[in-house]
């Protein structure tokens, strides 16, 4: 079974792929890209939930750190959720400039966020949660999105 | 356990990198004016005072400032490095470097020993202060990746070139230019271009190309080996250059091969990037890749022309490659930093990063810069090209300054208003 780091990193790449396909489609026709934007938003939000409702919870419980790195990651998730809402608004209003302006900002924010998680938080999580790794990955895999 | 780097509190205040970024084009403008008022035959000689002054306005003032600004920003955010007292150290070294660079320019141009002494002290202390603090920051990094390792090596080269630069400035101060001066000058310039700037750009591109353009990641061989191979090549080149000059050519080929490979890789990665969006920063990366290929090729063939084209090599690699990458980075980083800091302070209704800089103006700036570089190259054959090229260069630098100040001006104005959300709970 994949480790926590491998599981979540693979999920990052999946979101990256969806992001790129969504932008590609939008560059051809903004209105035709609506379904792909929705799919990207859904999958990215699902990823945030995997972390917030499972991994972060376990990490906080184990380390006792609730105001540390997970808090900051939650904050960046909320920043990205706001940008994803703007993406959907831009699609509804057929505003090309707004869409690509927002997607560019979201992409940079998302990439630097992923980098921090993959290079710092996930290795820390593995260090503390290695014994429960399989259980946590299973929980994430079976999570029902809210 | 280390937590640094995950919090925006760890990022240095916006003023730290921005101070360096916004000053860089001003040095470019001064360099442009000196080129404008200098005869092309003087600039053909790499050791003329004017050539030295122009080179250092661009390498210290433009490239150095942007690289230092980027290091102070990227190390804490992406690697969790704790740079000691970032605000006061960056402000002190910034002031010392400004005073040092300008004193060097006017000291050398007017043969004024007092100003050259001030330059020696200002540049020496300014560089050593900030480079030491960056090194101390790197020492605190727990999870080293290829980028941070590359940054550490490039800072090592920066230390060496600063010491060599101080030695040469001392020669001007004491009017004692030794025979070693020209050997050291050669090592100083090759290590500055390929050791400091080259390695830094290569290692930062490992992160930046996948991050900003969703380009394919670099292969583990590139990330884990190339920087060491280039560093070894530079050491070998140094050794041959001092003891067996006739073999220095071999080390040059070694270096050239890896930089050519890097230039090609950048081009291919942009072709394979998953984001279809193209902007002026993509143009800058692509032109940087072409200029690097041409520059490295000429650097090798220049051996057969008794270094007749070394100034052209400097324009192609220094201007076409390094300057292009730096300008492209400024266009990406500054709007993002402004957005990131404002958003973290609770300002939600702000323009996106793309809307902060006028797209049309940035394209005009790019074209003027490109035309000026091509013009400088043709000035070797047609000296009447020099002045219009210098003018294009000056205008491109003025537009660049205007473009990068726009987001900062917006930041200053926005900060005077009340944020949409109170973010104090996150502090």
Exercise for the section: Round to the nearest 0.05 the FRET efficiency obtained for residue B:274 and residue B:39 when R0 = 56 Å and r is the Cβ-Cβ distance. Expected result: 0.70
Handout entry: Cα long-axis angle, helix B:359-378 against chain B (0 to 90 degrees, to the nearest 10)
Key = 10 degrees
Problem - Computed Kirkwood radius, in angstrom, where 1/r is averaged over Cα pairs of the stretch B:156-276 - result: 15.9 Å
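Helix-only estimate, please: 222 nm mean residue ellipticity of chain B, summing -39500 (n - 2.57) across DSSP H runs of length 4 or more and dividing by its residues, to the nearest 500. Walk me through the numbers before you get to the answer.
On the way: 16 runs with 293 residues, N = 427.
Taken over chain B, the calculation gives -23500 deg cm²/dmol.
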Practice task
First check a/c for the stretch B:318-373, with a ≥ b ≥ c the square roots of the eigenvalues of its C-alpha gyration tensor; if it is under 1.5, answer rounded, and if not, answer prolate when a/b is larger than b/c or oblate otherwise.
Solution key: oblate
Practice task
With a point put 7 Å past each Cα toward its Cβ, work out how far residue B:159 is from residue A:132 in nm, to one decimal.
Solution key: 4.4 nm
Practice task
Report the residue, chosen from B:51, B:178, B:383, that carries the largest GNM mean-square fluctuation when chain B is represented by alpha-carbon nodes joined by springs under 10 Å.
Solution key: B:178
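Can you tell me how much longer the chain between residue B:371 and residue B:183 gets when fully stretched, taken as 0.36 nm per residue apart minus their C-alpha distance, in nm with one decimal?
Roughly 64.3 nm would be gained on extension.
More than 19 angstrom separation, counting every C-alpha pair in the stretch A:60-146; what % is that?
Numbers: 2084 of 3741 pairs.
For the stretch A:60-146, the share of Cα pairs beyond 19 Å comes to 56 percent.
Two decimals is fine: what's Rg over Rh for the protein assembly as shown, C-alpha atoms, Kirkwood radius as Rh? Could the numbers behind the result be given before it?
Values: Rg = 24.5 Å, Rh = 25.0 Å.
Computed over Cα atoms, the ratio is 0.98.
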Practice task
Please determine, in degrees from 0 to 90 and to the nearest 10, the orientation of helix A:69-92 with respect to the longest principal axis defined by the Cα atoms of chain A, where the helix direction is its Cα long axis.
Solution key: 20 degrees
Completion exercise
Stretched fully, the stretch from residue B:412 through residue B:85 gains (0.36 nm per residue minus C-alpha distance, one decimal, in nm) 115.4 nm
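Please compute the average number of Cβ atoms from other chains found within 10 Å of each residue's Cβ in peptide B:76-82. Write out the running numbers ahead of the final one.
Details: counts 0, 3, 5, 4, 4, 0, 0.
Per residue, the number of nearby Cβ atoms from other chains is 2 on average.
For chain B, what's the relative contact order in percent, using C-alpha pairs closer than 8 Å and at least 6 residues apart? Could the numbers behind the result be given before it?
On the way: 566 pairs, mean separation 68.8, N = 427.
This gives 16 percent for chain B.
Within 10 Å, count the other beta carbons around each residue, average over each peptide in B:206-213, A:82-89, and list them highest first.
Details: B:206-213: 21.9, A:82-89: 17.4.
The densest-packed peptide leads the list: B:206-213, A:82-89.
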Practice task
Sort chain B into rounded, prolate or oblate with this rule: let a ≥ b ≥ c be the square roots of the eigenvalues of the Cα gyration tensor; rounded if a/c is under 1.5, and if a/c is not under 1.5, prolate when a/b is larger than b/c, oblate otherwise.
Solution key: rounded
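Percent relative contact order of the stretch A:4-141, based on C-alpha pairs within less than 8 angstrom and at least six residues apart?
Values: 93 pairs, mean separation 49.4, N = 138.
Rounded, it is 36 percent for the stretch A:4-141.
Which of rounded, prolate or oblate describes the stretch A:36-77 when judged by the alpha-carbon gyration tensor and an a/c cut-off of 1.5? All intermediate terms of the calculation are to be shown ahead of the outcome.
On the way: a/c = 5.96, a/b = 2.32, b/c = 2.57.
Judged from the Cα gyration tensor, the stretch A:36-77 comes out oblate (a/c at least 1.5, b/c at or above a/b).
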Exercise for the section: Relative to the longest principal axis of the C-alpha atoms of chain B, give the angle of the C-alpha long axis of helix B:386-415, reported between 0 and 90° and rounded to the nearest 10°. Expected result: 20 degrees
Exercise for the section: With a point put 7 Å past each Cα toward its Cβ, work out how far residue B:382 is from residue A:34 in nm, to one decimal. Expected result: 5.6 nm
Fill in the blank from the handout: D (µm²/s, integer) via Stokes-Einstein for the stretch B:358-427, Kirkwood Rh across alpha-carbon pairs, 10 °C, 1.306 mPa s: value 108 µm²/s
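Just checking the output field for B:343-356: average partner chain Cβ neighbours within 10 Å of each residue's Cβ? Walk me through the numbers on the way to the answer.
Numbers: counts 7, 4, 0, 0, 0, 4, 0, 1, 3, 13, 8, 8, 7, 2.
Partner-chain Cβ atoms within 10 Å, mean over residues of B:343-356: 4.
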Exercise for the section: Take every residue in peptide A:24-32, count the Cβ atoms of other chains within 10 Å of its Cβ, and give the average of those counts. Expected result: 1
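Each value in this text was obtained by applying a stated rule to the coordinates, not by laboratory testing. Since this is a predicted model, take the numbers as computed values, not measurements. Positions of Cβ are backbone-derived with ideal geometry, glycine not excepted, and every protein chain shown enters the neighbour counts.
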